[in-house]
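Please read the structure below before turning to the comments.
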Amino acid sequence: MTRYVIRRLLQSIPLLFVVSLILFVLLNNIGDPLTMMGGRNPTRPEDRERLARQLGLDQPILMQYVYWLVGNDWTMIDVDGDGEPETPGRRKGVLRGDFGISILTRGKPALDIIWERIPNTLLLMIPAQIVILVLGLGVGIYSALRQYSWVDNAVTTLSFVGFSMPIFLIALLSIYLFSVLFQRWGLPYLPANGMFDPQVGKTAAQIAKHMILPIFAIAFIDVARYSRYVRSAMLEVMSQDYIRTAKAKGLRRVTIIMVHALRNASLPIITLVGLDLPFLLAGAVVTERIFAWPGMGRLFLDHLERSDGAVVMGIVILLAVAVILSQILTDIVYAVFDPRIRYD
Amino acid sequence: MTTIEPPARIGLAGGDVEAPPLSPGQMAWRRFRRHKLAMANAVLLILLFVYSFGGAFVYSEAYANYNDTTKRLQPPSWEHPFGTDTIGRDILARTIYGGQISLLIGITAVLVQLVIGILIGALAGYYGGLLDSLLMRFTEAVLTIPGLFLLLIMAKYFTGKVPDITLLGRTYSGSVVVIVLIIGLTSWPRLARIVRAEFLALKENDFITAARATGTPNSQIIFRHILPNTVAPIVVTATLSVAGAIISEAYISFLGLGVQPPTATWGNMITGSTNYIEGAPWLWFFPGLLILLTVLSINFVGDGLRDALDPRSRPE
Amino acid sequence: MKQDPALLNVHDLQVRFHTPEGTIYAVNGISFHIAEGEAVAVVGESGSGKSVCMMSLLGLIPIPPGEIVSGTAVFLERDLLKLPEKELELVRGRDIGMIFQDPMTSLNPVLTLGRQLTEALVRHFNLTAEEARNRAIELLQLVGIPDAASRLGNYPHQFSGGMRQRVMIAMMLACNPKLLIADEPTTALDVTIQAQIVELVQEIRAKLRMSLIWITHDLGVVAGLADRVLVMYGGTIVEEADVESLYERPQHPYTLALLAALPRVHQRRQSRLKAIPGAPPHLILELTGCPFAPRCEFVRDRCWRERPLLQPVSPTQKTACFVNPHTGEERA
């Protein structure tokens with residue numbers, strides 16, 4: 001097992017290399033970050049040139065990639081533009097944990113900016129994932145055990161609706177209903193914007209209240225997806241011979257379902273959760289935009305729109321790392337649950 | 001064995017209960033028809049196409065793009081059944097023309113996906129070896145980047161790089177082409193993996209060995225002998241991908257990086273509607289509902305197709 | 001026929017499955033009994049309804065699509081078919097054990113052997129973990145698995161097919177059932193292993209004095225194993241006889257054909273094995289005549305219209321046929 005994990009980790013190095021190269025080429029051409037630099041006025045031409053040299057934007061793309069990867073503190077850069085490199089570089093490169101600086105925020109390290117937002121995203125996504133898992137399992141199992149009952153048919157149809165629902169539509173609908181209409185009808189209504197009411201302050205109660213609608217919107221879609229998946233996994237397992245054996249032993253129905261069936265049905269579900277885990281971080285682009293939630297998805301959009309490559313690159317690289325790590329983690333968990341699997 | 005007789009197909013009462021054998025196509029159609037929800041949704045899907053393309057005979061494109069700022073943000077009425085948008089355009093007419101673009105994007109993006117996915121999957125699966133591992137590492141790399149993020153970066157990358165095009169007397173924003181391209185360029189990896197797996201399994205068959213032994217060129221083996229046998233999973237994946245492509249377009253356009261006005265799509269009609277959740281719900285409700293119905297009906301049809309064509313496989 | 005008190009008495013059992021292709025008439029009114037300590041073999045081709053019949057007694061067929069249309073199955077003075085699920089659960093595994101055909105798929109792949117062996121004991125006898133563990137070791141030894149104690153933590157995939165069937169038998173013997181139903185337990189195994197399993201069941205049955213129903217499609221294994229044989233065809237019992245009578249003087253054309261298809265050691269070399277012409281019936285139409293009529297060489301007109309009932313032809317033998325296959329004459 002240890003050897004397997006080490007091999008997977010080693011394999012992921014070239015993978016990340018290819019990923020970063022693709023992204024670097026793309027992000028190099030998404031527009032000029034120096035035009036506005038996040039301020040109100042256009043940057044002056046002489047500042048632009050100096051900044052471009054200082055940031056290495058005047059270099060050929062391959063050199064820029066090398067700087068991004070391993071830094072430039074081992075060489076001199078030409079900041080004053082006289083063709084003579086005179087200033088020592090200060091960048092350390094991604095391999096040493098330096099994701100570059102955000103031009104938009106005038107020199108703040110990109111990693112710091114991302115790091116600040118990750119907790120907000122997780123605050124939304126971890127509870128959402130828990131809700132999704134619990135409801136998805138519950139609804140899926142129930143619907144599998146009552147196959148073709150009206151509840152099952154309703155769940156199946158509803159799950160198709162949820163599955164096909166664009167997140168913005170369910171988000172807008174839920175805001176309209178629970179926020180706008182409830183307020184209009186004089187009912188207790190839910191806030192639809194931000195993390196807290198600035199007049200009340202950032203209290204736990206406020207944040208919890210602001211979390212409800214976004215979590216509802218995210219969960220609506222994924223509960224549908226999960227329950228569909230759990231249902232078909234359970235149906236598959238319930239028709240297996242070993243379930244009949246368990247029945248022939250006279251075990252209680254609940255034991256058969258919760259131990260014999262679920263243990264087996266959970267195997268494909270582990271894979272599903274494993275594939276989804278990194279999207280805890282990624283899935284929130286649209287949701288965070290609609291609910292004005294200050295998380296990583298919104299950070300990504302804000303900085304992409306204004307061509308701030310370092311932050312965008314940092315976010316996507318971190319996500320790619322998360323994807324790879326969670327794949328390895330999934331394999332490990334899978335092996336724990338399925339004694340037949342041995343990685344050697 | 002002394003007696004060799006054709007197995008009698010008899011029921012208990014001795015009557016013949018088996019119909020004459022059906023062709024694979026007939027059997028698939030039978031299975032599809034049995035899937036009642038899929039049938040109903042196939043009809044719904046046809047209606048949505050009729051709405052988008054037939055509607056052009058009722059409203060002209062000029063009308064869909066005509067703006068009258070004195071009539072902005074009007075709620076649904078007899079004159080404007082779906083209301084008017086922020087600059088006074090008729091939303092019903094725009095959902096018709098937007099539907100055309102959204103559906104076209106969905107279909108053409110999948111065509112791009114099919115070309116890339118089949119090519120990469122077939123080459124990797126058929127030739128194996130170094131080519132296979134190179135192509136599969138690349139596929140894996142693309143899959144490692146969360147889809148929507150990659151789409152948005154590519155949308156930003158291509159913004160303004162493709163000029164507007166005129167086709168059949170109508171002008172399309174270059175951004176339509178961009179969206180088709182980037183959705184096609186990001187959605188092929190799953191298809192490539194499916195095609196590769198099919199090729200790996202099929203190339204070991206005797207009929208392929210026979211074809212090789214008779215000196216059939218590789219390109220012919222790939223496209224004439226193996227590919228036709230992989231049609232079922234490809235058709236199912238492609239159908240479901242159309243739904244995915246329409247949703248992707250809607251997300252990118254909703255976030256403002258997609259198709260640019262005046263060309264309407266269901267997705268870009270919703271751009272900025274977060275500011276009008278309360279004031280003008282009709283602004284986002286009708287295009288959103290049309291996206292939902294389209295994606296829903298395609299998903300149902302895809303599910304029916306899977307049951308009909310590829311009964312072994314199950315979702316996900 | 002022996003007049004021992006019947007342990008299980010099944011009367012007029014009818015089972016159907018309602019499928020999208022139509023109703024399948026799987027079991028069409030069969031009656032039989034089994035005495036305490038008796039071993040009965042149920043013989044028939046696949047699809048003859050033998051497994052469905054036994055599984056429906058224990059409530060193991062899925063309902064729907066299955067439906068038990070009629071019948072009673074009195075076991076220890078209670079009708080199994082009318083018992084509520086909760087009470088039937090207590091019969092399954094404790095009073096009646098059942099072994100299935102394919103040991104490769106009949107054990108849960110993700111649970112340890114120990115867990116699968118002990119759970120019935122815990123369920124039915126409220127044993128403590130320690131007691132159940134000791135009993136599990138005892139059971140594994142009984143079925144001839146070496147080094148039993150150390151194998152409790154193993155998973156099914158760590159055993160061969162024959163070993164798994166032994167484990168399966170141990171599981172079903174855990175609670176000392178009065179009746180063991182073995183549903184083609186050797187079909188999926190190698191020939192040499194088959195013999196071992198048959199021997200093992202024989203041995204255990206003698207030791208534990210339980211009744212046995214052995215379902216098989218192979219008349220060959222029946223001889224050394226059963227006291228009495230039920231031959232099934234098309235969801236009906238076509239012949240019921242003591243083993244000796246059946247082999248000596250089969251009374252149904254189907255049994256006759258089955259025996260003719262059996263290889264015999266002392267047969268003349270040139271004589272070839274006889275196959276039964278035709279294929280077993282699709283059970284999709286309701287039974288109106290004799291199910292074997294389409295393949296029968298003695299078929300008469302009335303065989304198509306009228307269903308022959310199981311009638312005694314001697315004290316040890318019953319058959320459901322209008323014709324005496326030895327004379328070719330219709331029976332009186």
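Each reported figure results from applying straightforward, stated rules to the coordinates on display, with no laboratory input. Note that the structure is a prediction, hence the values are computed from the model and not measured. Here the Cβ positions follow ideal geometry from the backbone for every residue, glycine too, while neighbour counts run over all protein chains shown.
Report the full-extension gain for the segment residue B:87 to residue B:26: residue separation times 0.36 nm, less the Cα-Cα distance, to one decimal in nm.
Details: separation 61, 0.36 × 61 = 21.96 nm, distance 5.19 nm.
So the chain would gain 16.8 nm between residue B:87 and residue B:26.
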(request) Take the Cβ-Cβ distance between residue C:275 and residue C:327 as r, set R0 to 25 Å, and report the resulting FRET efficiency rounded to the nearest 0.05. (result) 0.55
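Can you list which of the chymotrypsin sites (Phe, Trp or Tyr not before Pro) found in segment C:24-125 are DSSP loop residues with at most 12 other C-beta atoms within 10 Å?
Sparse-neighbourhood loop chymotrypsin sites (Phe, Trp or Tyr not before Pro): none present.
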(request) Please provide three numbers in whole Å: the alpha-carbon extents of segment A:2-108 along the principal axes, with the largest listed first. (result) 55, 31, 23
(request) Please compute the Cα-Cα pair-distance distribution of segment A:104-212 with 10 Å bins starting at 0, giving whole percents from short to long. (result) 12, 26, 32, 21, 7, 2, 0
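Test of understanding: ordering B:82, B:286 by Cβ neighbours within 10 Å, fewest first, what list do you get?
Listing B:82, B:286 from fewest to most nearby Cβ atoms yields B:82, B:286.
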(message) Which entries of A:209/B:71; A:247/C:178; C:86/C:207; C:50/C:86; A:108/A:209; B:156/B:203 have Cα-Cα distances beyond 29 Å here?
(response) A:209/B:71; C:86/C:207; A:108/A:209; B:156/B:203
(request) Return the single residue from B:180, B:58, B:115 with maximal mean-square fluctuation; model: Gaussian network over chain B, springs between Cα atoms under 10 Å. (result) B:58
(request) Decide, for chain A, between rounded, prolate and oblate: order the square roots of the alpha carbon gyration tensor eigenvalues as a ≥ b ≥ c, take rounded if a/c falls under 1.5, and otherwise choose prolate if a/b is larger than b/c, else oblate. (result) oblate
(message) Can you tell me the length gained on complete extension of the stretch residue A:343 to residue A:47, counting 0.36 nm per residue apart and subtracting the Cα distance?
(response) 100.9 nm
(request) Report, in cubic angstrom per residue, the convex hull volume of the C-alpha atoms of the protein assembly as shown. (result) 246
(message) As a test of understanding, state the convex hull volume per residue of chain C from its alpha carbons, in Å³.
(response) 151
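For peptide B:134-146, what's the mean number of Cβ atoms from other chains within 10 Å of each residue's Cβ? Could you put the intermediate results ahead of the total?
Details: counts 0, 0, 0, 4, 3, 0, 8, 11, 3, 6, 15, 11, 13.
So the per-residue partner count for this stretch is 6.
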(request) Give the value in nm², to one decimal: projected area of the alpha carbon convex hull of segment B:159-316, averaged over all directions. (result) 12.9
(message) I need the peptides A:94-101, C:176-183 ranked by packing, meaning the mean over residues of other C-beta atoms within 10 angstrom, with the highest value on top.
(response) C:176-183, A:94-101
(request) Would you list, by chain and number, the lysines whose Cα falls below 20 Å from the Cα of residue B:36, excluding same-chain residues fewer than 8 positions away? (result) none
(message) If every alpha-carbon in segment A:250-341 counts as one equal scatterer, what log10 I(q)/I(0) does Debye give at q = 0.13, 0.21, 0.24 1/Å?
(response) -0.61, -0.97, -1.11
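Classify segment C:96-190 as rounded, prolate or oblate from the Cα gyration tensor: take a ≥ b ≥ c as the square roots of its eigenvalues, call it rounded if a/c is under 1.5, otherwise prolate when a/b beats b/c and oblate if not.
Here segment C:96-190 falls in the oblate category.
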(request) Let me know the Kirkwood hydrodynamic radius for chain B, please, with Cα pairs as the basis and the value in Å to one decimal. (result) 22.3
(request) Name the most mobile residue of A:176, A:142, A:334, meaning the one with the largest mean-square fluctuation, in a Gaussian network model of chain A with Cα contacts below 10 Å. (result) A:176
(request) Using only Cα atoms, figure out Rg for segment A:112-305 and give it as a multiple of 2.2 N^0.38 Å. (result) 1.21
(message) If the elastic network links every pair of Cα atoms under 10 Å, which of B:147, B:215, B:302 fluctuates the most in the Gaussian network model of chain B?
(response) B:215
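Expressed in whole Å with the largest first, what are the equivalent ellipsoid semi-axes of segment B:212-297 derived from the C-alpha gyration tensor as the square root of 5 times each eigenvalue?
The three semi-axes for segment B:212-297 are 44, 14, 7 Å.
Rg/Rh for segment A:187-271: what does it come to with C-alpha atoms and Rh from Kirkwood?
Here Rg/Rh amounts to 1.29.
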(request) Calculate one ³J(HN,Hα) per residue across segment B:299-306 by plugging θ = phi - 60° into the Karplus curve 6.51 cos²θ - 1.76 cosθ + 1.60, and present them in order as whole Hz with x for glycine and proline. (result) 4, 5, 4, x, 5, x, 4, 4
(request) Divide by every residue of the protein assembly as shown the summed helix terms, -39500 (n - 2.57) for each DSSP H run of at least 4, and state the resulting mean residue ellipticity at 222 nm, rounded to the nearest 500 deg cm²/dmol. (result) -16500 deg cm²/dmol
(request) Work out the FRET efficiency for residue C:311 and residue A:241 from their Cβ-Cβ distance, taking R0 = 30 Å, and round it to the nearest 0.05. (result) 0.20
(request) Calculate the radius of gyration of the Cα atoms of segment C:1-131 to one decimal place, then report Dmax, the largest Cα-Cα distance, as a whole number, both in Å. (result) 16.6, 51
(message) Apply the Karplus curve 6.51 cos²θ - 1.76 cosθ + 1.60, θ = phi - 60°, to the phi angles in segment C:45-59 and return the couplings in whole Hz, x for Gly and Pro.
(response) 5, 5, x, 7, x, 5, 5, 4, 4, 5, 5, 5, 4, 9, x
(request) Report the longest stretch of chain B that contains none of the trypsin sites (Lys or Arg not before Pro) sitting in a DSSP loop with at most 11 other Cβ atoms within 10 Å. (result) B:1-160
